[in-house]
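The values are calculated or read from the model by the stated rules, or taken from the named source; none is laboratory data. What you are looking at is a predicted structure, and each value in this text was computed from that prediction instead of being measured. For neighbour counting, all protein chains shown are included, and Cβ atoms are generated from backbone atoms with ideal geometry for every residue, glycine included.
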Amino acid sequence: MSLNKSDLNFYKKNGYLVKKELIPIKIIKKINNLIKQIIKKEERRNSKITNLGGSFNNTFVYNSNSSKNREILRLNNPTNYNKMFFKLSRNKKIINIVKTLLGGSVRFHHCKLNFKLPSKKGGEVSWHQDWAFYPHTNDDLVTVGVYLEDCNEENGPLQVIPKSHKTKIYNHHNKKKEFVGKICEKINLKSKKSLIGLAGTVTFHHVRTIHGSGLNLKNSKRPLMLFGYCNTDSWPLTSDASINPNEDFEKYNKCIIVGKKTLVPRFEKVPLIIPLPKKSVSIYQLQKSR
Ligand SMILES: O=C(O)CCC(=O)C(=O)O
């Protein structure tokens, strides 16, 4: 499946796109069974943890240190954890669309599987631009969200501000000038849009699109798989959640899904703020900083 012109124009204009039930339910069910096993195994482990899992080298991000209240908020790098997740990140339907959105080439950037816990345990993700976390030489980067369960207004869907990808890079630094991973200035939320859909629905948002998500008012966790992709000529300006070309160029090039490796980054006149200084904690902890 490739993208039709009106979808492409919609994405270019609004900075997001939703493709309803793009992934067959058969695949989604298999993935959900795998996730159940992962969570069960992890919950049986009742040892105390000292680290809530801030860095992308940690497999899990937790909500609490105590073995009693501990729940998983995120599985980092699921594509390294199990082949089924890897296969989903290379799904032809997703990649064909991403290729068109990015202008012809695709390099896998990073991924995470987020579990939004029921609202009494918190779980709001504040407004932010992914671009604030990982600036590149051009902004041909897209984040893809796969709903593994039906997601409606009640269980905390992704929300976006249409057309915000054409505006500036917003300030994600607090008064002390520390990077806090959320927009620290007033923004107009009048046009905000919830991206809802049944299981298998896939969302696409531009790296500069302002987005976040509210509370999950249901009793069960809301799983959301997020994959980031970029054009092969988008060169990272900082070390981020992805493989850094300066550290492992071979591995970096192995992330190319469509296109050829290059040593020639494309520079575009894009607004930038470097996300430093940054604490080595997850987005959940980072956004709690004042
Ligand atoms: O899990 C969510 O609802 C959104 C998370 C998000 O935007 C992110 O992790 O960058």
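A few points about this structure:
- Residue within the range 113-131 that is closer than 18 Å to residue 35 by Cα and of a type in the set (S, T, N, Q) present: yes
- Restricting attention to the range 142-164, the residues that are buried (at least 23 other Cβ atoms within 10 Å of the Cβ), away from the ligand (no atom under 11 Å from the Cβ) and more than 10 Å from residue 224 (Cβ to Cβ) add up to 4.
- For residue 33, the requirement of being closer than 28 Å to residue 280 by Cα and among the polar types (S, T, N, Q) is not met.
- Residues of the range 1-44 that turn out to be among the aliphatic types (A, V, I, L, M) and within 17 Å of residue 205 (Cα to Cα), as a count: 5
- Taken as a whole, the structure places residue 93 among residues that are away from the ligand (no atom under 12 Å from the Cβ), part of a helix (DSSP H, G or I) and surrounded by fewer than 23 Cβ atoms within 10 Å (Cβ to Cβ).
- Just one of (1) modelled with pLDDT of 95 or more; (2) surrounded by fewer than 17 Cβ atoms within 10 Å (Cβ to Cβ); (3) over 28 Å from residue 192 (Cβ atoms) fails for residue 106. It is (2).
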